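The values are calculated or read from the model by the stated rules, or taken from the named source; none is laboratory data. On a predicted model such as this, the values are computed, not experimentally measured, just so you know. Here the Cβ positions follow ideal geometry from the backbone for every residue, glycine too, while neighbour counts run over all protein chains shown. Accessible surface is based on the protein model in full, side chains and every heavy atom, while ligands, DNA and RNA are left aside. Shrake-Rupley method; radii C 1.70, N 1.55, O 1.52, S 1.80 Å.
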Amino acid sequence: MAVRTVEILLPTAEAGVGARKPAPRIPSLRGKTVGFIDNGWRCLAITYDEYTKMLKEQEGVARVIHKKKVASSPVSKEAFEELAAQADAVIVGLGN
């Protein structure tokens, strides 16, 4: 069976020197809970299903949580706090 690889691109805005600060990294996702923030992209459900499968099978993620938000607006403070309390890592929705 051929091993599949996925390249995930992370577009980031240009920042001045010293303005960037990397997020703390989790050494492993094994046994962790990963949250997805759904930004309303019309094909996101299919993409998230695939990511969920890969995270569980390849990285040993124990649980995946999906949180929807209104398109073109930030996630509400309440939804953010709820997700932050439950998840070890969060993936914010993809744009098209």
State whether the residues of the stretch 10-29 include one that is open to solvent by less than 70 Å² (accessible area, probe 1.4 Å), small (Gly, Ala, Ser), more than 14 Å from the chain's Cα centre (by Cα) and modelled with pLDDT of 70 or more. yes
Could you please tell me which pairs satisfy a Cβ distance under 9 Å, a separation of 6+ or placement on different chains, a first residue in the stretch 24-35 that is over 16 Å from residue 66 (Cβ atoms) and of a type in the set (Gly, Ala, Ser), and a second residue that is open to solvent by less than 70 Å² (accessible area, probe 1.4 Å) and at pLDDT 95 or above? 28/60; 31/60; 31/61; 31/62
Odd one out for residue 42 among (1) exposed (fewer than 13 other Cβ atoms within 10 Å of the Cβ); (2) within 12 Å of the chain's Cα centre (by Cα); (3) basic (Lys, Arg): (2)
Of the conditions (1) open to solvent by 90 Å² or more (accessible area, probe 1.4 Å); (2) under 11 Å from the mean Cα position of the chain (by Cα), residue 78 satisfies every one except a single condition; which number is it? (2)
